[in-house]
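Participant: Sharing a structure with you now.
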Amino acid sequence: MNLEMEKKGRMVASERILVVDDEESMREFLTIVLGKEGYTVRMVENGRKALDILEQESFSLLITDLRMPEMTGLELVEVARRRYPQLAVIVITAFASLESAIEALRLGAADYIMKPFQVGEIKLVIAKVFEQLDLRRENQSLRERLEQNQSSPLIVGKSPQMQRVMDLVKRIAPSDATILVTGESGTGKELIVQAIHRHSLRHQNSFVTVNCGAFPDSLLESELFGHVKGSFTGAVRDKEGLFKVASKGTLFLDEIAEMSSSLQVKLLRALQEREILPIGATKPIKVDVRVIAATNADIEKKQKSGEFRSDLYYRLAVIPVHLAPLRERREDIPELVHHFLERACKRNGLPDRKISPEAMKLVLAYPWPGNVRELENTIERAVILSESDTVMPEALPGKIHSSVSSSFQWNLSQDTMTLEEVEKDYLLQVLEETGWQKKRASEILGIDPSTIYRKLQRYGIEPPSKT
Ligand SMILES: Nc1ncnc2c1ncn2[C@@H]1O[C@H](COP(=O)(O)OP(=O)(O)OP(=O)(O)O)[C@@H](O)[C@H]1O
Ligand SMILES: [Mg+2]
């Protein structure tokens, strides 16, 4: 009991409340009442000031009057809830504007209180809101812990190419070496970068991602290195760069090939000196981050042609990790399909679905220009479209059907193989792709495992010896 009260007391003291009311007497009243309860209270007289102070300090609760000049309480609620989804809001309203209070609830306010009110009433409403807030925080930290513990996203793939990548990840993760991850779009670069961070000694510190292609040059510089108040129009306060935010953690520079050459110079300097110079600052600051970069461009070519600085390229690519396109490691496809099927069903609250052998054949033959991402989206869509518990070819998009049938026609016109030769060839291809798992192969081919045995014998095919 004692402990419980102590815990509560500590929690209350750390809760910060912002009160917004144009009436001075109301502000004073609330400050006194809430201060006595142990909350830390700040008060302002209008919505604009409230938004300013919210930008600079953090609060767990906003209490606002609805009817105010300039910016109405409703407008404030809308903006504040959008910008700070964690912030709880209580509105104060007169009976005459009950409708606005309901509107405020719709905009995400937790509760409202009607004027005139008793001290006890407001205390009760606030206590209730904080109780909900505590519950939400508890759930969130539980969720975060769960996510950290068990559900690190699964990286699927038994192909020699993926196995090599996974071995490399395990070996290089604990070092602080800079890493460059390359590969076509959708091959899993981000997934691999996250895995490296998770297996690193920095895994308990932050993982910060910057998409270098998403910002114009000047903005990217201030994002990465920060700026000093007044260093350019719009720099109304000091801003910490992401190099600093990622302190002791990992900074992931995605789409690195998009970076301008003047920024490339600054990045190189930051990597070499382990310090950064915020825009407008006179003294560099030390930083401790591990940098991992990724790109789907042919950065080696860009480096050779001078589009990307060679010195930065070699600095980043201390350890290069390359992800092969999916069409070059088709044996990963069946496992990926099963993985995405299972996940899509779970996500959509559907019972487990299978894939028909015919549909699997199409999926195996299609070249997947969008790589694993395209496969993932295709399976998710197919699951939603399928009415039975099996994904049939009809649930696959037209491009897969047409691409596969055109390559089949192409084969026919090219080849003068007998039907038997075609069958033997196809059987071998599927066996290769499944790593000679006859059960998996029989699923894909839509025949019985015993038929596979018979055919192998007839064609005199020996499985490769296990090494
Ligand atoms: N080996 C894999 N196992 C499981 N899921 C994978 C695998 N590879 C990729 N994915 C999934 O495919 C999707 C695309 O992967 P990711 O975002 O990592 O690609 P990317 O290479 O970063 O692409 P882009 O260059 O377009 O940014 C993600 O949802 C990812 O979880
Ligand atoms: Mg990516």
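Participant: Could you pull out every one of the aspartates and glutamates with an alpha carbon less than 15 Å from that of residue 361, ignoring same-chain neighbours closer than 8 positions?
Facilitator: 331, 332, 335, 394, 423, 425, 432, 433, 443
Participant: With +1 on each Lys and Arg Cβ and -1 on each Asp and Glu Cβ, and nothing else charged, work out how big the dipole of the range 160-324 is about its Cα centre, in Debye to the nearest 20.
Facilitator: For this selection, approximately 520 debye.
Participant: Please quote Rg/Rh for the range 276-406 to two decimal places, taking the Kirkwood radius as Rh and restricting both calculations to Cα atoms. All intermediate terms of the calculation are to be shown ahead of the outcome.
Facilitator: Working: Rg = 21.6 Å, Rh = 18.2 Å.
For the range 276-406, the value is 1.19.
Participant: On a C-alpha basis, how far is the centre of the range 183-244 from the centre of the range 27-42 in Å? Whole number, if you could?
Facilitator: So the separation of the two Cα centres works out to 39 Å.
Participant: Can you list the HN-Hα couplings for the range 322-332, worked out from phi with the Karplus curve (6.51, -1.76, 1.60; θ = phi - 60°), rounded to whole Hz and with x for Gly and Pro?
Facilitator: 10, 9, 6, x, 4, 5, 9, 9, 4, 5, 7
Participant: Now a separate question. Tell me the volume per residue, in Å³, of the convex hull enclosing the alpha carbons of the range 331-459.
Facilitator: So the per-residue hull volume is 105 Å³.
Participant: Pairing the Cα long axis of helix 73-83 with the longest principal axis of the chain, what angle in degrees results, from 0 to 90 and rounded to the nearest 10?
Facilitator: Helix 73-83 sits at roughly 40 degrees to that axis.
Participant: Okay, next question. List the residues whose amide H sits under 5 Å from the amide H of residue 275, counting only those 5 or more places along or on another chain, with H placed 1.01 Å from N in the peptide plane.
Facilitator: Here 287 satisfy the definition.
Participant: Separate question: For residue 322, what residues show an amide H to amide H distance below 5 Å, using hydrogens built from the backbone and excluding near sequence neighbours?
Facilitator: The answer is 182.
Participant: Based on the alpha-carbon gyration tensor of the range 160-324, what equivalent-ellipsoid semi-axes (square roots of 5 times the eigenvalues) come out, in whole Å, largest first?
Facilitator: Working: eigenvalues 148, 66, 34 Å².
Semi-axes (√(5λ), whole Å): 27, 18, 13.
Participant: So how much slack lies between residue 300 and residue 432, counting 0.36 nm per residue of separation and subtracting their Cα-Cα distance, in nm? Walk me through the intermediate numbers first.
Facilitator: Numbers: separation 132, 0.36 × 132 = 47.52 nm, distance 3.15 nm.
Gain on extension, residue 300 to residue 432, equals 44.4 nm.
Participant: Each residue of the range 310-319 in order: what ³J(HN,Hα) in whole Hz does its phi give by Karplus 6.51 cos²θ - 1.76 cosθ + 1.60, θ = phi - 60°, with x for Gly and Pro?
Facilitator: 5, 4, 5, 4, 5, 5, 6, 8, 3, 10
Participant: Next up: Dipole of the range 348-389, Cα-centred, from +1 at each Lys and Arg C-beta and -1 at each Asp and Glu C-beta, to the nearest 20 debye? Walk me through the numbers before you get to the answer.
Facilitator: Details: 5 positive and 7 negative charges, 23 e Å.
About 100 debye.
Participant: Further question: Where Lys and Arg each count +1 and Asp and Glu each count -1, what net charge lies around residue 177 among other residues with Cβ under 15 Å from its Cβ? Can you show the working numbers first?
Facilitator: Details: positive: 170, 171, 202, 274, 290, 315; negative: 176, 288.
Taking every other residue near residue 177 into account, the sum is +4.
Participant: Let me ask something else about it. List the GluC sites (Glu not before Pro) in the range 33-75 that DSSP assigns to loop (not H, G, I, E or B) and whose Cβ has at most 13 other Cβ atoms within 10 Å. Which are they? If you can, show how the numbers build up before the last one.
Facilitator: Working: sites: 37, 45, 55, 57, 70, 75; in loops: 37, 45, 57, 70.
Within the range 33-75, the qualifying GluC sites (Glu not before Pro) (loop, at most 13 other Cβ atoms within 10 Å) are 57, 70.
Participant: I would also like to ask the following. I need the phi-derived Karplus couplings for the range 19-33: 6.51 cos²θ - 1.76 cosθ + 1.60, θ = phi - 60°, integer Hz, Gly and Pro marked x.
Facilitator: After applying 6.51 cos²θ - 1.76 cosθ + 1.60, I find 9, 10, 7, 7, 8, 4, 4, 5, 4, 5, 4, 5, 4, 5, 4 Hz.
Participant: Same structure again: Near residue 301, which lysines are there with a Cα under 27 Å away, not counting those fewer than 8 places off in the same chain?
Facilitator: List returned: 189, 266.
Participant: Quick check: net charge around residue 326, other residues with Cβ under 14 Å of its Cβ, Lys/Arg +1 and Asp/Glu -1? Kindly include the intermediate steps, with their values, before the conclusion.
Facilitator: Details: positive: 158, 189, 327, 329, 330, 373; negative: 184, 328, 331, 332, 335, 374, 376, 433.
Around residue 326, the charge tally is -2.
Participant: Next question, about the same structure. Which entries in the list 128/244; 49/229; 346/424; 248/304 go over 27 Å, if you measure between the two C-alpha atoms of each?
Facilitator: Details: 128/244 38 Å; 49/229 20 Å; 346/424 38 Å; 248/304 33 Å.
Flagged as over cut-off: 128/244; 346/424; 248/304.
Participant: Let me ask something else about it. Please give the helix 47-56 orientation as an angle from the longest Cα principal axis of the chain, in degrees from 0 to 90, rounded to the nearest 10.
Facilitator: 60
Participant: Compute the Rg/Rh shape ratio of the range 2-145: radius of gyration over Kirkwood radius, all on alpha-carbon atoms. Each step should come with its number before you reach the end.
Facilitator: Numbers: Rg = 14.8 Å, Rh = 15.5 Å.
Across the range 2-145, the Cα-based Rg/Rh ratio is 0.96.
Participant: Still on this structure, I have one more. If one takes the longest principal axis of the Cα atoms in the chain, at what angle in degrees, from 0 to 90 and to the nearest 10, does the Cα axis of helix 2-14 lie?
Facilitator: On a 0 to 90 degree scale, this one is about 90.
Participant: Name the residue farthest towards the positive end of the dipole of the chain from the options 61, 427, 38, assuming +1 on Cβ of Lys and Arg, -1 on Cβ of Asp and Glu, about the Cα centre.
Facilitator: Farthest towards the positive pole: 427.
Participant: Residues with amide H under 5 Å of residue 115's amide H, sequence separation 5 or more or different chain, H placed in the peptide plane at 1.01 Å from N; which?
Facilitator: Placed amide hydrogens put 93, 94, 95 under 5 Å from residue 115.
Participant: Let me ask another. For a quick check of your reading of the filter: which trypsin sites (Lys or Arg not before Pro) in the range 157-265 sit in a DSSP loop and have no more than 13 other Cβ atoms within 10 Å?
Facilitator: Working: sites: 158, 164, 170, 171, 189, 198, 202, 229, 237, 239, 244, 248; in loops: 158, 202, 229, 237, 248.
Here the sparse-neighbourhood loop sites are 229, 237, 248.
Participant: When N is the residue count of the chain, what does its C-alpha Rg come to as a fraction of 2.2 N^0.38 Å?
Facilitator: 1.32
Participant: In the range 62-133, what chymotrypsin sites (Phe, Trp or Tyr not before Pro) fall in a loop by DSSP, with at most 14 other Cβ atoms inside 10 Å?
Facilitator: Numbers: sites: 95, 112, 117, 130; in loops: 117.
Answer in residue order: 117.
Every number here is computed from the coordinates shown, using simple stated rules; none is lab data. Bear in mind the structure is a predicted one, so any value in this text is a computation, not a measurement. So basically every Cβ, Gly included, is an ideal-geometry build from the backbone, and we count neighbours across all protein chains shown.
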